[in-house]
Amino acid sequence: MPLETNTILICAGGACISAGEESVKDVLERKIKEYNLQDNIKIVETGCMGACSLGPIMVIHPEGVYYQKLTPEAAEKIVEEHLLKGRIVEEYLYQGDKGKIVPQPQKEIPFFSRQVKIATRNVGIIDPLNIDEYIARDGYFALHKALKEMKPEEVIQVVKDSGLRGRGGAGFPTGLKWEFARKSPGDEKYMICNADEGDPGAFMDRSILEGDPHTIIEAMTIAGYAIGATKGFVYLRAEYPIAIERLTVALNQAREYGFLGENILGTDFSFDIEIRIGAGAFVCGEETALMHSIEGKRGQPRVKPPFPAQKGLWGKPSNINNVETLACVPPIIYHGANWFRQWGTEKSPGTKVFALAGKVKNTGLVEVPMGITLRELIYEIGGGSPTGKKIKAVQTGGPSGGVIPEEYFDTPVDYESLQKLGAIVGSGGLIVLDEDDCMVDVAKFFLEFTVDESCGKCTPCREGTKKMYEILDKITKGEGTEEDIEILENLGNVIKDSSLCGLGQTAPNPVLSTLRYYKDEYLAHVREKKCPASKCKALISYVIDPEKCVGCTACARVCPSSCISGEVRKVHEIDQSACVKCGSCIEVCRFGAISKVTPAIE
């Protein structure tokens, strides 16, 4: 086997692929071949490395040099300078806030150094298509321990003692869920992995499957042993083709190595896993709808009880956990419950993966201990506002979650604390909002999503969310009344209490939380026909300040409706009746002469 003097890890997560990762890799391969270095340099495409705003990213070992924002030209230069001559190319290194160049930011930059990786411990580090690399990172050691040294009840007890809770949103104790399935009578049981990640902006489950598929296989096999199942299903949406491809390869490798199939590791335990591909309906994240979909039926929820542990897939006792929850299981079994409890809080031990997005410098995936405050997440890890504008709130839990204002940013992130504020941890989506965001418009955005995704089975969700959306639409157009606000609040609470499944029960959360903390913005829309954030188009106008306008014509040249007139070096004007309020003019004005005013000019 040739000596590999360098290994290049290149991030092949969705964000880096979109940013041109494949072109960078093609250049690396071509140049390495051109210099006849292919026996000494290994290129590995990994899963998501987390820092999505910096992509494409690659790390060169053994030094661990971290290159960011790469281009094909950068790849060519790095081969010629770094790999051939041993000279680090500083222009593509990570740069801190003060312009400091950092070759290994993982050791000293808060975005990287404050993370504790359990569920994502191998993502971005190993080749997801190579089972040997997973084994080299203690992979399948937990399965060996469970099958060879522990009874099923002991496995369940360790998971219960660890305090692991479902990371898909509900936060139900995982060990207790396993115990219910174990004790449920039945010769045939099923273990299901919920990989139907439907929250807009959340991609932690997809990243784990793309970057570390074997950990899900190992966890499901352990869970199958614990509850007494011999068959497992991974329910994965069709829009995740890379995850499907890598999981398929991993399943075949696991069977070849004896980690799946008959008599696993020489024991009496047999277990195998199938992939079931869903069409991508948000409601199929709900466990009963998901099971209906696997059975080949329309993905709609049913009334509980009976719960899946009693009567699940094809009427048999079944257990469902999501990807992130399962990814925590192998290290818990291998290291023990107390190891996991060293992070997090008493009631919410361990870590949580968040998808940090919105008005923040550092976006991407971060895995941090439960109990970290929102302020630490947003300012220390996220780096704060990229524009210097005041951060106003954070939306947690995606379309099922709620908005939390800045005054509560010192709240620890755990299930109970966020629930008290009218929000949820959810699957881990975190969208940071600043002073330019209108809270009525934010509520409308998320409600539009849930209206589209409602399966229509129960009336409160089908009709109620649609009515709420129509009212919000009226308000953002300046056509709402104070009575509409009262109806919104009452209707939201009724839908929460009477909907059949979690989709309807949580759909009003963005509306109710914005009403709770930002009712003054709703009142400004209906009483004064003003949008305080100057976001709602119907309530704003663009105007030109004659004191600042120099007549450069830049605004007129980009205006799609030709509503800006004026001669060169003379003050320009906007025809309000023709303006489509696209904002193109304000973006190109270099003199700050264009601004938004509210209410709109008639």
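The values are calculated or read from the model by the stated rules, or taken from the named source; none is laboratory data. Note that this is a predicted model, so its numbers are computed, not measured. Quick reminder, even Gly has a Cβ in these numbers, built from the backbone with ideal geometry, and neighbours come from all protein chains shown. With ligands, DNA and RNA removed, areas are computed over all heavy atoms of the protein, side chains included. Shrake-Rupley method; radii C 1.70, N 1.55, O 1.52, S 1.80 Å.
Listing for the model above:
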{"quantity": "Net lengthening on full extension, Glu22/Ala279 (0.36 nm per residue, minus Cα-Cα)", "calculated": "89.8 nm"}
{"quantity": "Relative contact order of the range 362-470, defined on C-alpha pairs under 8 angstrom at six or more residues apart (%)", "calculated": "24"}
{"quantity": "Within straight-line cross-link reach of Lys77, aspartates and glutamates at Cα separation under 12 Å, skipping those fewer than 8 residues along the same chain", "calculated": "Glu90, Glu91"}
{"quantity": "Cα→Cβ-extended label distance, 7 Å offset, between Glu486 and Arg114, nm", "calculated": "4.5"}
{"quantity": "Residues Val102 and Leu523, FRET efficiency given R0 of 30 Å [Cβ-Cβ distance, rounded to 0.05]", "calculated": "0.05"}
{"quantity": "Per residue Cα convex hull volume in Å³ - calculated over the chain", "calculated": "168"}
{"quantity": "Mean-position separation - Cα centroids, the range 251-312 and the range 69-94, in angstrom", "calculated": "45"}
{"quantity": "Distance (nanometres) between label positions extended 7 Å along Cα→Cβ at Lys33 and Val303", "calculated": "6.4"}
{"quantity": "Gyration tensor (alpha-carbon) shape descriptor, the range 1-146, a/c threshold 1.5", "calculated": "oblate"}
{"quantity": "Angle in degrees between helix 465-476 and the longest Cα principal axis of the chain, rounded to the nearest 10", "calculated": "30"}
{"quantity": "Between 0 and 90°, nearest 10: helix 241-256 axis offset from the chain longest Cα axis", "calculated": "10"}
{"quantity": "Rounded Å value of the spacing that divides the Cα centres of the range 96-111 and the range 518-567", "calculated": "39"}
{"quantity": "Cross-link table Lys42/Lys160; Lys392/Lys466; Lys160/Lys189; Lys496/Lys596; Lys100/Lys420, entries beyond 31 Å C-alpha to C-alpha", "calculated": "Lys42/Lys160; Lys496/Lys596; Lys100/Lys420"}
{"quantity": "Carbon plus sulfur fraction of accessible area for the range 153-252, probe 1.4 Å, in percent", "calculated": "54"}
{"quantity": "Accessible area (Å², per residue) of the range 79-205, counting only protein heavy atoms and a probe of 1.4 Å", "calculated": "46"}
{"quantity": "Extension gain, Asp132 back to Glu295 (0.36 nm per residue minus Cα-Cα distance, nm)", "calculated": "55.2 nm"}
{"quantity": "Overall form of the range 495-602 per C-alpha gyration tensor (a/c, 1.5; a/b vs b/c)", "calculated": "prolate"}
{"quantity": "Local electrostatic count at Leu9 - Lys and Arg +1, Asp and Glu -1, tallied over other residues with Cβ under 10 Å", "calculated": "-1"}
{"quantity": "The chain: calculated mean residue ellipticity at 222 nm from DSSP helix runs of at least 4, using -39500 (n - 2.57)", "calculated": "-10000 deg cm²/dmol"}
{"quantity": "Sparse-neighbour loop sites [GluC sites (Glu not before Pro); the range 4-43; at most 10 other C-beta within 10 Å; DSSP]", "calculated": "none"}
{"quantity": "Distance in nm between pseudo-label sites at Glu188 and Ser561 (7 Å out along the Cβ direction from Cα)", "calculated": "6.3"}
{"quantity": "Three-way shape label, the range 232-360, alpha-carbon gyration tensor, a/c 1.5", "calculated": "rounded"}
{"quantity": "Acute angle (nearest 10 degrees) that the helix 439-453 long axis makes with the longest principal axis of the chain, alpha-carbon atoms", "calculated": "50"}
{"quantity": "Selection of chymotrypsin sites (Phe, Trp or Tyr not before Pro), the range 344-415, meeting DSSP coil and at most 13 other Cβ within 10 Å", "calculated": "none"}
{"quantity": "Computed log₁₀ I(q)/I(0) - Debye formula, equal Cα scatterers, no solvent, the range 401-468, q 0.12, 0.15, 0.19, 0.25 Å⁻¹", "calculated": "-0.40, -0.61, -0.90, -1.15"}
{"quantity": "Beta bridge orientation in the chain: antiparallel %, DSSP, nearest 5", "calculated": "55"}
{"quantity": "Modelled FRET efficiency - R0 60 Å, Asn252 with Val550, Cβ distances, 0.05 increments", "calculated": "0.35"}
{"quantity": "Computed E for Lys420/Asp575 - FRET, C-beta separation, R0 56 angstrom, nearest 0.05", "calculated": "0.65"}
